[in-house]
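See below for the structure under consideration.
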């Protein structure tokens, strides 16, 4: 039972993170903004970015909802807000993926002219280039889930979601390490196809996150007014 919950959490979290991070398209941009670096330097840089990205996603996943709850924000409100942000971002990616690509290139622009690769591994290549506000919103929204089953069920859920984060970090590392090869294989048209497919999946996930917060809120509101279904 717990294994099933962990697998379900993984299958929920990994597509959501993959869609918003989009490491394949990110690898192409990574290749462009680090063109002045040697291949060994790119490998080191890719490893650092993957590690920092995993830290950002894990901290946001495990503690993000509690931090926001400290300020009096309910979980359902957080789900609705996070789902709207994710859906809006997905619609932007779906309607004009080249705009998202141009924005990420601008975010990573400070990389050019820097001599020490480790100096910009966290900023701007990790935050906001790889794991930006959209990724944080997705991770926080995933962290608001409270499955049934008590502590064991919650640990199974967060274990599966954390495994998705680790898998995402590995995929970032592989994509960025082989960025030069991916750029040659995909090209501009391939990048647009990947971006649109990821955006469509992300839009569906964003709507699902909104529903997970809206349905309980509406149910409680109707119950409070004595309306039963």
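Worth a mention:
- Pairs with Cβ under 8 Å, 6+ apart, first in the range 174-185 and touching a residue at least 40 places away in the same chain (Cβ under 8 Å) and at negative phi, second part of a helix (DSSP H, G or I) and surrounded by fewer than 18 Cβ atoms within 10 Å (Cβ to Cβ): 177/43; 177/47; 180/39; 183/32
- Test for residue 163: is it at pLDDT 85 or above, crowded, with 16+ Cβ neighbours inside 10 Å and not in a loop (DSSP other than H, G, I, E, B): yes
- Any hit, the range 168-182, residues being modelled with pLDDT under 75 and more than 13 Å from residue 17 (Cβ to Cβ): no
- Residue in the range 92-100 that is modelled with pLDDT under 80, farther than 30 Å from residue 39 by Cα and assigned to a loop (DSSP other than H, G, I, E, B) present: yes
- Counting only residues that are assigned to a helix (DSSP H, G or I) and out of contact with any helix residue (DSSP H, G or I) (no Cβ under 8 Å at 6 or more places or on another chain), the range 13-56 holds 2 of them.
- Looking at 33, 43, 49, just one residue is in contact (Cβ under 8 Å) with a residue 60 or more places away in the chain, over 20 Å from residue 93 (Cβ atoms) and crowded, with 19+ Cβ neighbours inside 10 Å, and that residue is 49.
- Being in a helix (DSSP H, G or I) and surrounded by 15 or more Cβ atoms within 10 Å (Cβ to Cβ) is a property that holds for residue 61.
The values are calculated or read from the model by the stated rules, or taken from the named source; none is laboratory data. Small disclaimer: the values here were computed from a predicted structure and weren't measured. No Cβ is skipped: glycine too gets one built from the backbone with ideal geometry, and neighbour counts run over all protein chains shown.
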